[in-house]
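See structure below.
Coordinate-derived values only; no laboratory data. Quick caveat: nothing in here was measured; it's all calculated off a predicted structure. Heads up, the Cβs are rebuilt from the backbone with ideal geometry, glycines too, and the neighbour counts pull from every protein chain shown.
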Amino acid sequence: MKPRILAGVMALVVSAGLLFVGAPAANAGSKGRLNTTYALGAATVYSLLKGKTTQGLILGAGTAYAYKRYRDAKKGERRRYYSTRYYRSPRSSRYYRTARYR
């Protein structure tokens, strides 16, 4: 009887901690999203080859959504890179201060 009570109390403490503190959000990068797209695409092809069309269509929709999320993540990474102060554009003053462009 005691192990059940102890397990119940431990489960209550863990769930209360997740509820009040909050679980850390998992942010996948574009590489992880691309791997997910590949896995879903392979599962889609496998399902369609086995003749499971409903399952294949659902997985195909998931693949399309995963690809969209990959493209959005890639675009966000690109925007964050170009908005940093460390990025130097090819049209920056360093390149145009040569005698050729004066």
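Being of a type outside the set (A, V, I, L, M, F, W, C), surrounded by 12 or more Cβ atoms within 10 Å (Cβ to Cβ) and either over 24 Å from ALA28 (Cα atoms) or touching a strand residue (DSSP E or B) at 6+ places or on another chain (Cβ under 8 Å) (or both) is the filter here; which residues of the stretch 40-53 pass it? Within the stretch 40-53, TYR46, SER47, LYS52 qualify. Residue count for the stretch 54-75 under the criterion of being surrounded by 11 or more Cβ atoms within 10 Å (Cβ to Cβ) and either free of Cβ contacts under 8 Å to residues at least 12 places away in the same chain or among the β-branched types (Val, Ile, Thr) (or both): the result is 11.
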